[in-house]
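What follows draws every value from the coordinates through simple rules; no lab data is involved. Quick caveat, the model's predicted, so the values are computed rather than measured. Cβ coordinates were reconstructed from backbone atoms using ideal geometry, including for glycine residues, and neighbour counts include every protein chain displayed.
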Amino acid sequence: MINQIKLARTLLTACMMLCIVLLTMAFYLPEPKKEEPPKLICGNVFIEIQQPTDEIYLAGERLFKANCSSCHQMHKKVIGPALADVFERRDSLWIVAATVNYQALMDEGDQTAIDLYREYNKTQHVIFEHFTDKDLNALMNYLKFTVAYW
Ligand code: HEC
């Protein structure tokens with residue numbers, strides 16, 4: 001009988017200790033991280049599923065105006081294709097590859113790239129290999145979420 005009481009007491013103490021340890025751990029554990037909004041990944045470039053921040057969008061717009069707008073408009077074919085709806089007709093990884101090095105895509109035998117090149121009078125595409133991932137990230141988010149009317 002005494003042994004049983006002892007056993008019960010030991011078990012109770014063990015339970016209490018466990019509770020204390022668990023509570024202390026819960027108190028000190030870091031807060032669970034907030035979930036980031038989903039992003040579409042293409043290579044090292046992230047395209048937001050929702051509207052990107054103004055900062056990213058405006059950086060993309062600046063890059064577009066400085067580097068692409070001489071040949072591309074958003075809703076009108078000029079020297080190059082209109083780009084406002086490019087994400088609807090092409091894979092995002094392809095768009096990044098076409099921007100960075102169009103010639104490399106053709107060298108790989110990419111039929112879409114080759115057909116487009118023929119359609120646009122064999123215009124050699126500018127190479128933008130100096131763009132950082134951050135530049136491309138901004139540029140792609142701008143293209144995807146543009147509200148430009150030209
Ligand atoms: C000198 C003119 C010129 C400039 C500058 C230029 N492009 Fe192009 N782009 C073209 C032409 C022309 C094509 C069609 C393919 C070809 O002939 O090379 C094209 C095709 C593309 C395509 C494929 C479009 C589709 O319908 O599939 C993408 C994407 C693209 N360009 C992105 C860009 C981006 C982004 C920039 C700026 C960073 C840029 N281009 C700058 C002329 C240009």
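Computed values, structure above
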read-out: For the stretch 39-145, size of Cβ-based charge dipole, Lys and Arg +1, Asp and Glu -1, in debye; value: 340 debye
read-out: Amide H within-cut-off set for Ala82, under 5 Å, with H built and near neighbours excluded; value: Lys77
read-out: Cα-based helix-to-principal-axis angle, 54-67 vs the chain, degrees rounded to 10; value: 30 degrees
read-out: Positive-end extreme of charge dipole, the chain - chosen from Ile5, Phe64, Asn101 (charges on Cβ); value: Ile5
read-out: GNM result for the chain, Cα springs below 10 Å: residue of Thr53, Thr24, Thr99 fluctuating most strongly; value: Thr24
read-out: Gain in span if fully extended, Val126 to Lys6, counting 0.36 nm per residue against the direct Cα distance; value: 34.8 nm
read-out: Members of Lys65/Lys122; Lys77/Lys144; Lys65/Lys144 lying beyond 20 Å, as alpha-carbon distances in this model show; value: Lys65/Lys122
read-out: Fluctuation leader among Leu139, Leu58, Leu29 - the chain, Gaussian network, Cα springs under 10 angstrom; value: Leu29
read-out: Residues Lys122, Lys77 arranged by fewest to most Cβ contacts within 10 Å; value: Lys122, Lys77
read-out: CD proxy at 222 nm, helix term only [per DSSP H run n ≥ 4: -39500 (n - 2.57); per residue of the chain; nearest 500]; value: -17000 deg cm²/dmol
